[in-house]
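Below you'll find the structure, written out as structure tokens, and then a few comments.
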There are 2 protein chains.
Amino acid sequence: MFSLYLIPVPLTEHTNAHYIISYPLLNSVRFFIVESAREARRNLRRIGFTTSFDECTFFEWNKHDNTNNPVSSWLNHCKDADMALLSDAGCPAVADPGAEVVAMAHQSGIPVVPLIGPSSILLSLMGSGLNGQSFAFNGYLPVDPLKRKEKIKQFEQHSLVHRQTQIFIETPYRNQSVINDLLSILHPSTKLCIAAGLTSDQQYLFTDSVSSWKSKRFTLDKVPAVLLFLRE
Amino acid sequence: MFSLYLIPVPLTEHTNAHYIISYPLLNSVRFFIVESAREARRNLRRIGFTTSFDECTFFEWNKHDNTNNPVSSWLNHCKDADMALLSDAGCPAVADPGAEVVAMAHQSGIPVVPLIGPSSILLSLMGSGLNGQSFAFNGYLPVDPLKRKEKIKQFEQHSLVHRQTQIFIETPYRNQSVINDLLSILHPSTKLCIAAGLTSDQQYLFTDSVSSWKSKRFTLDKVPAVLLFLRE
């Protein structure tokens, strides 16, 4: 039985060279399960894949029809050859699609081999200086303003009781309104980390108390951001 | 102002070559804040650092006397040169010491630059096929048997309500007793992932229902392990 490799790809188009990882083992892989073939081809070239794409087969999982369960049939290729799973950015299956494919590989007894690569969640947590011994990733905050405020309060309370860093991602165009909410709702002494444009040349990563952020009148451009806080 | 680089190092002594990352930028760094100088030197050579150690200064944070606050004085070198922070294994500041050093860098206005590297938490989550859109890392379960059982129940309930993957690490000699507890307490349909010896040639990574694990009469050797579960 061959393996299903889980391959991280760069987070942004303008990735700093320090954050580009190459995977020599990829050059023997011919079967790829991908979020989109176009992005996968582009990313494969960026991470050192030199084989001609004419020799490769791409299965796009975002287009599959679950009733016919093609993922399971795709994975049959692992009987004869290694396969690789890629999403369009970052680590597959973490704040990104792909977990269903991995779960099906386990059901089929196929060895799963995750490789090292860029995760905005891990990088922001490392760089935050907040508690890395206990943390939770919660995805997006609610869009509805009242529900969002309620959730922020709940997460801050949970953070206080369990000394647990709370991590969120945000879509670029909502950055400023979510940050405004965090600054108005969180306790002044709560530590807030804003991590934006991670791995790009414009990376911004800084932690301070809510009261200090307020006094700086900070504004954030429309870039992908991770927000982390800890109420101690 | 120069930067504080956060440098991940290999997780185990017998790391598979796929998991060794080199950092060319490191070769211009001369000041290192480390968990132990001996391990740091060994790991630096493994990740491609070629400069003579005679030119380097190592500050060991595990020996520092907080009353004199040497971390802050060490970081003064960042006015003139880049520095790097390393722990003895994996990513500094995530399930590992180092967060206090990062926090102090933020307080001093020093840019913090986390680099990509091996994290057993991230690798096991990617490879688990469990929910990567919401997850919590909780460190170690309690050693006391009664408290441990109570905690497992609480975490499973939290997992069910929030559809949140729960992640734990365990010391090798307690692997089997914790796994026995998980298998006896968790709901039969709860999905459990056992990830052991990650990044080594003996990597074991598999997810199944608690009832299936029980029927396999699985035993785990004394290797570093990450345990993940999701009650859906």
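Each value in this text was obtained by applying a stated rule to the coordinates, not by laboratory testing. These numbers come from a predicted model, not from an experiment. Cβ sites come from the backbone with ideal geometry, for glycine too, and all protein chains shown count toward neighbours.
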Check: the protein assembly as shown dipole with +1 on Lys, Arg Cβ and -1 on Asp, Glu Cβ, in debye: 820 debye
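Can you check what the Kirkwood hydrodynamic radius comes to for region A:4-114, Cα pairs only, in Å to one decimal?
In region A:4-114 this quantity evaluates to 14.1 Å.
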Taking R0 as 51 Å, what's the FRET efficiency between A:Gln176 and B:Glu100 from their Cβ-Cβ distance, rounded to 0.05? 0.95
For a distance above 29 Å, tell me the whole-number percent of Cα pairs in the protein assembly as shown that qualify. 48 percent
Projecting each Cα onto the charge dipole of region A:4-114 (Lys/Arg +1, Asp/Glu -1 at the beta carbon, about the Cα centre), which of A:Pro24, A:Ala89, A:Val34 comes out farthest on the positive side? A:Pro24
By Cβ neighbour count within 10 Å, fewest first, A:Thr207, A:Thr51 rank A:Thr51, A:Thr207
Taking only the alpha-carbon atoms of region B:103-181, the convex hull volume per residue, in cubic angstrom, is 159 Å³
Where the only charges are on Cβ atoms (+1 Lys, Arg; -1 Asp, Glu), what is the dipole of region B:4-114 about its Cα centre, to the nearest 20 debye? 200 debye
Other protein chain Cβ atoms within 10 Å, averaged over every residue that makes up A:134-143: 5
For A:Lys151, counting only lysines whose alpha-carbon sits under 30 Å away and dropping same-chain residues fewer than eight positions off, the answer is A:Lys191, A:Lys214, A:Lys216, A:Lys222, B:Lys147, B:Lys149, B:Lys151, B:Lys153, B:Lys191
So how strong a dipole does region A:120-230 carry about its Cα centre when Lys and Arg Cβ are +1 and Asp and Glu Cβ are -1, to the nearest 20 debye? 260 debye
With the convex hull built on the Cα atoms of region B:1-48, state its orientation-averaged projected area in nm². 3.7 nm²
May I ask for the net charge around A:Gln154, where only other residues with Cβ less than 13 Å from the Cβ of A:Gln154 are counted and Lys, Arg are +1 while Asp, Glu are -1? +4
Cα convex hull volume per residue for region A:15-76 (Å³): 98 Å³
If we sort A:143-154, B:125-136 on the protection proxy, mean other Cβ atoms within 10 Å, highest first, what's the order? B:125-136, A:143-154
CD proxy at 222 nm, helix term only [per DSSP H run n ≥ 4: -39500 (n - 2.57); per residue of chain B; nearest 500]: -9000 deg cm²/dmol
For region B:120-230, what is the convex hull volume of the alpha-carbon atoms per residue, in Å³? 86 Å³
Inter-label distance for A:Val143 and A:His14, nm, one decimal - labels placed 7 Å from Cα along Cα-to-Cβ: 2.7 nm
P(r) of chain A in 10 Å steps, Cα pairs, percent per bin? 7, 29, 28, 21, 12, 2, 0
Just to be sure I understand the curve: with the Debye formula and one point per C-alpha of region A:52-113, what is log10 I(q)/I(0) at q = 0.14 Å⁻¹? -0.41
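Defining a contact as two alpha carbons under 8 Å apart and six or more residues distant in sequence, what relative contact order in percent does region A:4-114 show?
The value is 42 percent.
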With a cut-off of 8 Å between alpha carbons and a minimum separation of six or more residues, what is the relative contact order of chain B in percent? 23 percent
Average beta-carbon neighbours from other chains, 10 Å sphere, peptide B:162-173: 1
per DSSP, antiparallel bridges as share of beta bridges in the protein assembly as shown, % nearest 5, sits at 55 percent
Can you run phi through the Karplus equation (6.51, -1.76, 1.60; θ = phi - 60°) for region B:85-91 and list ³J(HN,Hα) in whole Hz, with x for Gly and Pro? 10, 10, 9, 6, 7, x, 8
